[in-house]
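The values are calculated or read from the model by the stated rules, or taken from the named source; none is laboratory data. What you see is a predicted model, and the numbers here were worked out from it, not measured in a lab. Quick reminder, even Gly has a Cβ in these numbers, built from the backbone with ideal geometry, and neighbours come from all protein chains shown. Only protein heavy atoms, including side chains, enter the accessible area calculation; ligands, DNA and RNA are left aside. Shrake-Rupley method; radii C 1.70, N 1.55, O 1.52, S 1.80 Å.
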Amino acid sequence: MREVKAEILAIGDELLYGQIMDTNSLWISQQLTDIGVRVVHRATVGDNEPAILEAFKAAQQRADIVLITGGLGPTRDDLTKPLLAKYFDCDIQLVPEALEAVKSYFTRRGRELTELNILQAHLPTKCTYVPNTMGTAPGMWFEENDTLWMSMPGVPHEMKKLMETFVFPQLKERFSLPVIYHKVVKTVGIGESWLADKIRDWEDALPSHIKLAYLPSIGLVRLRLTAFGEKIKELTVEVEEQIEKLLPLAGKYVYGFDETSLEDAVGQLLRSQNKTVALAESCTGGYISHLITSVAGSSAYFNGSIIPYHNQFKQQVLGVKKDTLIDHGAVSEETVIEMASAVRKTFGSDYGLASSGVAGPGGGSDEKPVGTVWIACASEDGVRTKKLQLTDDRMINIQLSGISVLNLLRLEINKITE
């Protein structure tokens, strides 16, 4: 079965200037992968004739399918249509069917049809006209130079409609596409390189038709298994068998699969055991509470939180001892132990969580530099603590602290030692 390759070209200065985010290319990539087409290249090209023509030439050399978005408006800065005609050495002519579609579009909306709008119905003679039922710029399908080309508007809902009603059916009809199955294993509490060391032998033993990708993000690492074959049921079984072999090696770091977030996973654990949690957040300023309450149904296990940002309120609201703060400071194991224990008692929760640290960029010292954070999880069995040495970036420190606190709770619930 021959691999089918695709390239995606997004055209428009507004994309290069950062005025508009290119969500089209991301969506197209995801959809093509799902039907077994491999995206080999994505490019963003400005409204510049030499650059666009060069992009066409390079795409033709790399791909079986070239999908183009943007540059189809009726104004002079929209270059895609005239440059496709130039690239394929053909004229641009009025297509009566396209003109009727444009007229109908404006009539339905009670708007006047202008000369510029009529230009939308003029298309390269070598293209197949593809009606755009969501807008005025038609899709243009070319079969040239042993490559399939589709030019579409940059408006996302118009592009998606053309892809779903025309492009995908064409690709499935013309190519014998493989079945591709993805499974994502989500891990926390271990860095990418350390995880790779732990699972190296397992990775080396994977069958040739199952590929592994490491997808790290702040505080988390996703492992994406991608299997290629002909039958989805067989691939699903094979991938699950590989995951069963992975879990003994990295199981204590695995918190979920596919779309499950860490806050989802922790919520499921609390709900399954009919347990509750409360928080005392200092350096994280309510961020962890936000994560927990972003999950629908979290009221079943989240009792509440306190944000005693200043030491005065650590004492007055939570009852942290004055001597503890004087002798050890707010950023200390002793302080977060008292915070976690007190918030657990205050809210009558099964678990109490606490965070206190130097988020930055100021406030650090030689003893406690920026990025020093103490976290704690109190339960009926005692208090589990951890010291974090993070970064110089305030927002990253808050995010990493939040992930670490949720992971500390996950480990405590599951009785996993670090």
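Mind ordering 33-43, 330-340 by average Cβ neighbours within 10 Å, highest first?
Working: 33-43: 16.6, 330-340: 23.6.
Highest to lowest by the protection proxy: 330-340, 33-43.
Once you've got the Cα coordinates, tell me which of Lys160/Lys231; Lys275/Lys322; Lys322/Lys368; Lys387/Lys415; Lys314/Lys368; Lys5/Lys160 are over 23 Å apart. Exceeds cut-off: Lys160/Lys231; Lys275/Lys322. Taking 19 Å as the straight-line reach from the Cα of Lys233, the aspartates and glutamates in range (excluding those fewer than 8 positions away in the same chain) are Asp34, Glu241, Glu244, Asp258.
What Kirkwood Rh does region 292-418 have if only Cα atoms enter the pairwise 1/r average? Answer in Å.
On the way: mean 1/r = 0.0669 Å⁻¹.
For region 292-418, the Kirkwood estimate is 15.0 Å.
Counting only protein heavy atoms and a 1.4 Å probe, region 4-91 has 46 square angstrom of accessible area per residue. Remark: region 247-294 carries 42 Å² of accessible area per residue (probe radius 1.4 Å; ligands, DNA and RNA excluded).
Karplus-derived 3J(HN,Hα) values for region 146-154, using 6.51 cos²θ - 1.76 cosθ + 1.60 with θ = phi - 60°, are 6, 9, 9, 10, 9, 9, 9, x, x Hz; glycine and proline are entered as x.
Could you tell me the relative contact order of region 1-157? Use alpha-carbon pairs under 8 Å, at least six residues apart, and round to a whole percent. Rounded, it is 24 percent for region 1-157. For region 101-202, carbon and sulfur atoms together expose 49% of the accessible surface, with a 1.4 angstrom probe and every protein chain in place.
Test of understanding: in a Gaussian network model of the chain with alpha carbons linked when under 10 Å, which of Ile28, Ile190, Ile326 would top the mean-square fluctuation ranking? In this elastic network of the chain, the residue with the biggest mean-square fluctuation among Ile28, Ile190, Ile326 is Ile326.
Rounded to the nearest Hz, the phi-derived 3J(HN,Hα) couplings of region 383-388 under the Karplus curve 6.51 cos²θ - 1.76 cosθ + 1.60 (θ = phi - 60°) are 10, 9, 10, 7, 9, 10, where x marks glycine and proline. Quick one: grab the alpha carbon gyration tensor of the chain, order the square roots of its eigenvalues as a ≥ b ≥ c, and give me rounded if a/c is under 1.5, else prolate or oblate depending on whether a/b is larger than b/c. It is prolate, given that a/c is not under 1.5 and a/b is the larger ratio.
Farthest toward the positive end of the dipole of the chain, out of Gly189, Leu318, Gly402, is the Cα of Leu318, where the dipole comes from beta carbon charges about the Cα centre. Report, to the nearest whole %, how much of the accessible area of region 261-357 belongs to carbon and sulfur atoms, 1.4 Å probe, protein only. Taking all protein chains in place, region 261-357 shows 47 percent carbon and sulfur surface.
Given an 8 Å cut-off on Cα distances and at least 6 residues of separation, report the relative contact order of the chain as a percent. Mind dumping the intermediate values first?
Working: 783 pairs, mean separation 42.2, N = 418.
This gives 10 percent for the chain.
Our summary gives region 289-418 a relative contact order of 17 percent, counting only alpha carbon pairs under 8 angstrom and 6 or more residues apart. Using a 10 angstrom cutoff on alpha carbons, build the Gaussian network for the chain and name the most mobile of Glu240, Glu112, Glu164. Answer for the Gaussian network model of the chain: Glu112.
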